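Beneath this line is the structure, given in structure tokens, with notes to follow.
The values are calculated or read from the model by the stated rules, or taken from the named source; none is laboratory data. In this text, all values refer to a predicted model and were calculated from it rather than measured experimentally. Please note that ligands, DNA and RNA were not included when accessible areas were found on the heavy atoms of the full protein model with its side chains. Shrake-Rupley method; radii C 1.70, N 1.55, O 1.52, S 1.80 Å.
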Amino acid sequence: ADNIEDRTIVFTLISGLCLGLKWGTIDDDENSSFEQELIDRFIIEAEAHGDVTRISRALALKEILFARLGSYKRAILCHHDLERLYDPITFPKPISQSYGSDRAGQTFGLCAQWYDLEGDKGSALRCVDYVITHILPNQDERNTHNMFMILFPILWVMKRYKRSLQAQKLWDIYVVKMFYQYHGDGASTWCDKFFKIVSLLLELSALEEDEA
């Protein structure tokens, strides 16, 4: 790998290997040692390359790994490093072009869940509001997969804290309506099976909140 002249290919290779580990097509031990080693190499390569968007992608991989291992506090600390780098206006496009979606921006919603699991309601809701005001509006509305991955985690934090009506409206605007607007009624995607059931669940939850 040290003899590769075009270092950008390393980012694609490592990202692909990490996805293979995530999906279980590549074996690893119970501590995900190989994956941790790959991510650390990704960060070193990205820092050497001086590309903050790639560093953001690498940090996103690291915090998701910590969360998957049940270490939410370490995931949150890693997210703090990402927050200091990530620009919600300029980063989504280059990250999406390189990796298919804004994998760094997607972690802000996940972090809301991690804070909630750690019992920090205030920080969880601050993450939710940041996603709503800064992350979602700056994404490519045509990329349904990306919008789903950003929004889906915060829906359940919002539902938990009685913001189901707002969650339902966001889901309808950013995922359901945008999908049919850009792709048509006959189109399909892997996540369209969730459209009706999530809408219905949030609608029922909003009615319960209104009656309470």
Taking a ≥ b ≥ c as the square roots of the eigenvalues of the Cα gyration tensor of the range 75-212, is the shape rounded (a/c under 1.5), prolate (a/b larger than b/c) or oblate? oblate
Output the 0 to 90 degree angle, nearest 10, between the alpha-carbon long axis of helix 72-85 and the longest principal axis computed from the alpha carbons of the chain. 80
How many Å³ per residue does the convex hull of the Cα positions in the range 169-209 occupy? 61
Take the solvent-accessible surface of the protein heavy atoms, probe 1.4 Å, and return the percent of it on the range 146-212 that carbon and sulfur atoms account for. 57
Greater than 27 Å apart at Cα, pairs in Lys162/Lys196; Lys22/Lys73; Lys93/Lys121; Lys169/Lys193: Lys93/Lys121
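Given a 1.4 Å probe, how much area per residue of the chain is accessible, in Å²?
Details: 11230 Å² over 212 residues.
Dividing the accessible area of the chain by its residue count gives 53 Å².
Out of the total accessible area of the range 24-89 (probe 1.4 Å, heavy atoms of protein only), what percent is carbon and sulfur?
Numbers: 1750 of 3480 Å².
Exposed carbon and sulfur together represent 50 percent of the surface.
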So what is the 222 nm mean residue ellipticity for the chain from helices alone, if each DSSP H run of at least 4 adds -39500 (n - 2.57) and you divide by all residues, rounding to the nearest 500 deg cm²/dmol? -21000 deg cm²/dmol
Using Cα centres only, tell me the gap between the range 33-90 and the range 158-203 in whole Å. 29
Would you mind classifying the range 21-65 by shape? Square roots of the alpha carbon gyration tensor eigenvalues, ordered a ≥ b ≥ c; an a/c under 1.5 is rounded, otherwise it is prolate if a/b is larger than b/c and oblate if not. prolate
For the range 56-65, in order, what is each residue's ³J(HN,Hα) by Karplus, 6.51 cos²θ - 1.76 cosθ + 1.60 with θ = phi - 60°, in whole Hz (x at glycine and Pro)? 4, 4, 5, 5, 4, 4, 5, 5, 5, 4
